Amino acid sequence: MPRANRHYIPGQVWHITHRCHKKEFLLKFARDRQNWLRWLFESRKRFGLRILDYIVTSNHIHLLVVDDSGRDVIPRSLQLIAGRTGQEYNQRKGRKGAFWEDRYHATAVESGSYLIQCLLYIDLNMVRTGVIDHPSQWSASGYIEIQNPRERYTLVDQGRLAELLEIGSTDELRESHRHWIEDGLKGKSNARESKWTESVAVGSMEFVEETRDRLGNKIKGRKIMESNGAYELRESAPPAYGNGNGNGNGNANDNDFTDRIDALRGKNTWLWD
């Protein structure tokens, strides 16, 4: 297991994306999406992962988390989820080779209004593709859980999400969330925005500058840009998801989890270094 990284930031919100190898539709069946969610729940139970939102599409996932529980929690959780889902898929299908692209992409997101924008981006993902007309039609999503809280196997920490959004109660959160989505379906929030998947950080100028200063020389040359009312610390080049090379077993050592490529160590994951 890679050592905890020296740039850990308590309380930071992270938007994490991970793509299937070569963008293959390895999650196209509901049983495989549910298996990913099963291991997401297991990571919450084992490690205390604080989940704010998620969606599992046919060839990639979005996961919104807050780093409240210790510097190892997010890397260990992602290692468990990706490793087990890939391994079990390959075993069931008699398949060899990588299930995931080599690297996660993690973007630091400022709380408040920027967090709302990120929630909308995640929840409207399958609407943007044209597969569905409303996020309520996609079962493997945090939208449904926020709007219809579960009594068992809860994933989204609605209390923590409400706190980060400065909303007084989970009932108020659900009502606000529903209105945000309806407004988003009518407006520009339904368009793809690369800042959520290709940037180091998204938020106010102050937040982005602070993130840049924390990263120091590791992001030398990267620029702060304005994008639709938010600032982003952009990549100097398109993010690398890797070539998917692995040992062919589809296990946790195939992709993200070697000494060379740590659990959250893509171009934008320097905060875990």
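Among the residues of the range 169-215 satisfying the criterion of being at pLDDT 90 or above, outside any helix (DSSP H, G or I) and under 21 Å from the mean Cα position of the chain (by Cα), which is surrounded by the most Cβ atoms within 10 Å (Cβ to Cβ)?
Only one residue tops the list, namely A201.
What number of residues within the range 155-168 satisfy the criterion of being buried (at least 17 other Cβ atoms within 10 Å of the Cβ), over 20 Å from D32 (Cα atoms) and within 20 Å of the chain's Cα centre (by Cα)?
Total satisfying the criteria: 6.
Give me the pairs: first residue in the range 45-57 and more than 20 Å from P75 (Cβ to Cβ), second residue modelled with pLDDT of 95 or more and acidic (D, E), beta-carbon distance under 8 Å, and six or more apart or on different chains, which are they?
Every condition considered, the pairs that remain are I55/D123.
Going by what's in this entry, would Y104 be described as out of contact with any Cys (no Cβ under 7 Å at 6 or more places or on another chain), within 24 Å of L173 (Cα to Cα) and not charged (D, E, K, R)?
no
Looking at D68, is it crowded, with 23+ Cβ neighbours inside 10 Å, touching a residue at least 12 places away in the same chain (Cβ under 8 Å) and touching a Gly at 6+ places or on another chain (Cβ under 7 Å)?
No, not satisfied.
Suppose we keep only residues that are in a helix (DSSP H, G or I) and among the hydroxyl-bearing types (S, T, Y) within the range 71-106. Which one would you say is surrounded by the most Cβ atoms within 10 Å (Cβ to Cβ)?
So, considering only residues that are in a helix (DSSP H, G or I) and among the hydroxyl-bearing types (S, T, Y), the one surrounded by the most Cβ atoms within 10 Å (Cβ to Cβ) is S77.
Of the conditions (1) more than 25 Å from S194 (Cβ to Cβ); (2) more than 17 Å from the chain's Cα centre (by Cα); (3) among the charged types (D, E, K, R), E42 clears all except one; give me its number.
(2)
Which residues, counting only those in the range 80-130, are over 24 Å from G11 (Cβ atoms) and without any contact (Cβ under 8 Å) to a residue 24 or more places away in the chain?
Result: R92, K93, G94, G130.
The values are calculated or read from the model by the stated rules, or taken from the named source; none is laboratory data. Just so you know, these numbers come straight off a predicted model, no measurement behind them. Note: ideal-geometry Cβ built from the backbone for every residue, glycine included; neighbour counts use all protein chains shown.
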